[in-house]
Amino acid sequence: MSRIVLIMLVVITCLALFPVGLVCATTVTLNGETLQFDIPPTVENGRTLVPMRAISEALGASVIWDESTQTVIAIKDSTEVKLVIGDAAYKNGVPVKLDVPAKIINDRTMVPLRFISEAMGCTVNWDDSRQIITISSTDNPAETPPNNDDKSSKSSQQNGYLAVHYNKVFYITWTESGTKLKGEFHSFQINNGEIMSAQVPFEGTKNGPDISITVHYQTVPVIDITGSIKHGVLNLQYAENDELTKFTFRPSSLDDYTKTVDEVKKTWQDQDIYSFPGGSMEPTIPAGSCIIVKKYQNINSLKRGDIIAFKYPLDTKRVFAKRVIGLGGETISLKDSHLFINGLEVPEEYLPKDLQFSDYGPKTIPDGMYFVMGDNRNNSDDSRVWGFLPQDLITGKVIQIIDNTKNESLK
């Protein structure tokens, strides 16, 4: 009996240490050296997860953890990798689809080993016969010959930094002569299928880590920018219309800028980003947020509960976002702050509890039309006011909400 009890204790201990569905992985090596982790690698859906800080620091990257947004960032040279726990991943601001997202296991942030390693320029291989994962890096600081250039090279030092902000890409480059700077500012943006790009010169000064530059357009100063370089990262800010805008740039090259522009073009060819100043969708979409909208490839995939963007029927130059409540052919009614479709009550769990709103209907929605409302039912210009929404005015589905007041993604 004691032997059975011992076996059960071992099984229970293993289940406590390793959540169900995760299987212990084997050895991981980097450039021939075995890596040691305080939490063993695990496998989920064929993907090996390892502790983020341990693998990133082994690859020479620094790690930043943001508890408020549940986001972890690894930075190495011109590469920034960002993962949101249980959600999205980004490389240099460009979204990357992961089969298994980052997650917390035993108070450690576990991330896909292959994604992190390859994002940092390494190759990853699996030796099935020996059950070993090998990581090989192409750069080895120990083998890099020292730079014996004399200090006079500072007078012609070339600097380049890259920043990506969703559908926008910025690149700044300059040469230094003493404390004086002279360079160019490159910008690229794609929205609603339209591409805007610019390349403008600037002049400035650099005193230690602090930078001050003035961007010109046709020799006319148009904007003053200040910032500093710390730990290899360039932080810039400028004031416009009493609002302070900040950007973080990573060391990079003009070739990286060109490649990133191509990646952003592909990512945003079927997506748009809009500012959402009003509060008609609060609390789901806070006033002042931005929304990312993915164009529908098949409008028939639209379903009740989706938040969609569409051209406002009374002024098609404006874009609204509301929630789909009723579909073509259905009879809709609102009574005692409850939704009824074809006479049956439909729960609306996305609404605040005890929200009270006016009765409506019953009315039947024509085919090819939709009934939409804002979640802030008492402060929303929607189908109750201007009628049913024609299908051809719908631009896409809201796939991400960015709360600019907190600088975080809500969806």
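The values are calculated or read from the model by the stated rules, or taken from the named source; none is laboratory data. Just so it is clear, the model here is predicted, and its values are computed rather than measured. Here the Cβ is made from the backbone with ideal geometry for all residues, glycine too, and neighbour counts use every protein chain on show.
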Starting from the range 111-130, take each residue that is over 21 Å from Ala88 (Cβ atoms) and list its partners that are among the hydroxyl-bearing types (Ser, Thr, Tyr) and part of a loop (DSSP other than H, G, I, E, B), counting only C-beta distances under 6 angstrom and pairs at least six apart or across chains.
-> Gly121/Thr138; Cys122/Ser137
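Conditions (1) crowded, with 18+ Cβ neighbours inside 10 Å; (2) modelled with pLDDT of 95 or more; (3) closer than 13 Å to Tyr370 by Cα, marked per residue:
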site	(1), (2), (3)
Lys322	yes, yes, yes
Leu327	no, yes, yes
Leu334	yes, yes, no
Leu339	yes, yes, no
Glu345	no, yes, no
Glu349	no, no, no
Matching residues, the range 158-183, being on the phi > 0 side of the Ramachandran plot and in contact (Cβ under 8 Å) with a residue 40 or more places away in the chain = Tyr166
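Please list, ordered by residue number, the strands (runs of 3 or more DSSP E) wholly in the range 248-350 having 2 or more residues that are β-branched (Val, Ile, Thr), under 21 Å from Asn191 (Cα atoms) and within 28 Å of the chain's Cα centre (by Cα).
On the way: elements: 271-276, 289-294, 307-312, 315-326, 331-335, 338-341, 344-346.
Output list reads 289-294, 307-312.
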Counted residues, the range 358-380 - those being in a loop (DSSP other than H, G, I, E, B) and loosely packed, with under 15 Cβ neighbours inside 10 Å = 5
Those residues of the range 172-208 that are closer than 19 Å to Val264 by Cβ and hydrophobic (A, V, I, L, M, F, W, C) come to a total of 7
Near pairs, Cβ below 6 angstrom, 6+ apart or cross-chain, from the range 389-405 (in the same structural domain as Ile292 (by TED's automatic domain parsing)) to any residue that is at pLDDT below 90 and in a loop (DSSP other than H, G, I, E, B) = Gly396/Lys295; Gly396/Tyr296; Gln400/Lys411; Ile401/Leu410; Ile401/Lys411; Asp403/Leu410; Asn404/Gly288; Thr405/Gly288
Hey, His186 at positive phi and not assigned by TED's automatic domain parsing to the domain that holds Val398 or not = no
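Output the number of residues of the range 166-195 satisfying the condition of being in a strand (DSSP E or B), exposed (fewer than 14 other Cβ atoms within 10 Å of the Cβ) and either touching a helix residue (DSSP H, G or I) at 6+ places or on another chain (Cβ under 7 Å) or modelled with pLDDT of 85 or more (or both).
Within the range 166-195, the subset in a strand (DSSP E or B) is 168-177, 180-191, 194-195.
Next cut, exposed (fewer than 14 other Cβ atoms within 10 Å of the Cβ) only: 175, 177, 180, 182, 194-195.
Cutting the leftovers down to either touching a helix residue (DSSP H, G or I) at 6+ places or on another chain (Cβ under 7 Å) or modelled with pLDDT of 85 or more (or both) gives us 175, 177, 180, 182.
Residues in the range 166-195 being in a strand (DSSP E or B), exposed (fewer than 14 other Cβ atoms within 10 Å of the Cβ) and either touching a helix residue (DSSP H, G or I) at 6+ places or on another chain (Cβ under 7 Å) or modelled with pLDDT of 85 or more (or both): 4 in total.
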Pick from the range 80-97 the residues that are closer than 23 Å to Ile229 by Cβ and in contact with a Ser or Thr (Cβ under 9 Å, 6 or more places away or on another chain): which of them is modelled with the lowest pLDDT?
-> Gly93
Which listed residue, of Tyr274, Tyr257, Tyr238, is under 30 Å from Lys353 (Cβ atoms) and among the hydroxyl-bearing types (Ser, Thr, Tyr) | Tyr274
Taking the residues in the range 381-411 that are modelled with pLDDT of 90 or more and charged (D, E, K, R) as candidates, determine which candidate is surrounded by the fewest Cβ atoms within 10 Å (Cβ to Cβ).
-> Asp392
How many residues, within the range 73-117, are within 11 Å of Pro51 (Cα to Cα) and in a strand (DSSP E or B)?
-> 8
